[in-house]
Amino acid sequence: QVQLVESGGGLVQAGGSLRLSCEASGRTFSFATMGWFRQRPGKEREFVAAISWTDGTTRYADSVKGRFTISRDNAKNTVYLRMNSLKPEDTAVYYCAARDGANPTPTLNAYQYWGQGTQVTVSS
C-alpha cells in the first residue's frame, strides 16, 4: 500500500508564497519520480512540476517556470513545491503524484499513485 499525504495549502494574497509538502509512505522504494498536478475550478487536472527521485532532474509547466520550485528530501520521502509570486489563476487543488518510471513526464496517466489534494487559494 502506498500513501501520499499533501500539506501546506491555504489562502494567500496575490504575489505571496506557499510551500506544499508531500510525504510518501508504504512501498516507497519503487518510486522513481514524484510530481505535482493541479485542478483549477472547471478545468481538467494539469501538470505542474516533477522531479526524478534518483538524479533530481526537474520539469515544469510553462505557466509556473521561474515561480515554482520542486525539490525532494530522500531521507524523509518527501517532495516539496515552493510557490512564489502566486497569481489568482494558480488557485486550484494541488495533487501530489508518484510513478515507478524514472522520466519526470508531464503525462497524467503515467502516474500510478495520487494524494488526496490540498487547496490553494490566491486572492487578488
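The values are calculated or read from the model by the stated rules, or taken from the named source; none is laboratory data. A quick note: this is a predicted structure, and the numbers were derived from the prediction, not measured. Neighbour counts are summed over all protein chains in view; Cβ atoms, including those assigned to glycine, are modelled from backbone coordinates with ideal geometry. Just so you know, the surface numbers come from the protein's heavy atoms only, side chains and all, with ligands and any DNA or RNA stripped out. Shrake-Rupley method; radii C 1.70, N 1.55, O 1.52, S 1.80 Å.
Between S17 and T121, what length comes free when the chain is fully extended (0.36 nm per residue of separation minus the Cα-Cα distance, one decimal in nm)?
36.3 nm
Please give me, ordered by residue number, the GluC sites (Glu not before Pro) of the stretch 4-71 that lie in loop per DSSP and have at most 11 other Cβ atoms within 10 Å.
For GluC sites (Glu not before Pro) across the stretch 4-71 that sit outside H, G, I, E and B with at most 11 neighbouring Cβ atoms in 10 Å, the list reads E44.
Within straight cross-link reach of K43, meaning Cα distance under 24 Å, which lysines are found once same-chain residues fewer than 8 apart are removed?
Within the straight-line limit of under 24 Å, K43 reaches these lysines: K65, K87.
First compute the accessible area of the chain with a 1.4 Å probe, then give the percent of it belonging to carbon and sulfur atoms.
44
Would you compute the Debye intensity of the stretch 1-108 from its alpha-carbon atoms alone, equal scatterers and no solvent, and pass along log10 I(q)/I(0) at q = 0.12 Å⁻¹ to two decimals?
For the stretch 1-108 at q = 0.12 Å⁻¹, log10 I(q)/I(0) is -0.37.
Considering only protein heavy atoms, what is the solvent-accessible area of D90 at a probe of 1.4 Å, reported in Å² to the nearest 10?
0
Taking the Cα centre as origin and putting +1 on Lys and Arg beta-carbons and -1 on Asp and Glu beta-carbons, what dipole magnitude results for the chain, to the nearest 20 debye?
Taking the Cα centre of the chain as origin, the dipole is about 120 debye.
Could I have the simple spin-label model distance between S71 and Q112, label points 7 Å from Cα toward Cβ, reported in nm to one decimal?
So the label points at S71 and Q112 sit 2.9 nm apart.
Residues of the chain: accessible area per residue at 1.4 Å, in Å²?
Accessible area per residue: 49 Å².
Rounded to two decimals, what is the ratio between the C-alpha radius of gyration of the stretch 47-124 and 2.2 N^0.38 Å? Please report the intermediate quantities before stating the final value.
Numbers: Rg = 12.6 Å, N = 78, 2.2 N^0.38 = 11.5 Å.
Compared with the compact-globule rule of thumb, the stretch 47-124 sits at 1.10.
Between K87 and residues 5 or more places away or on another chain, which pairs have amide H atoms under 5 Å apart, with H built 1.01 Å from N, and which residues are they?
Here G15 satisfy the definition.
Which whole-number percentage describes the relative contact order of the stretch 1-111, with Cα contacts under 8 Å and a sequence gap of 6 or more?
34
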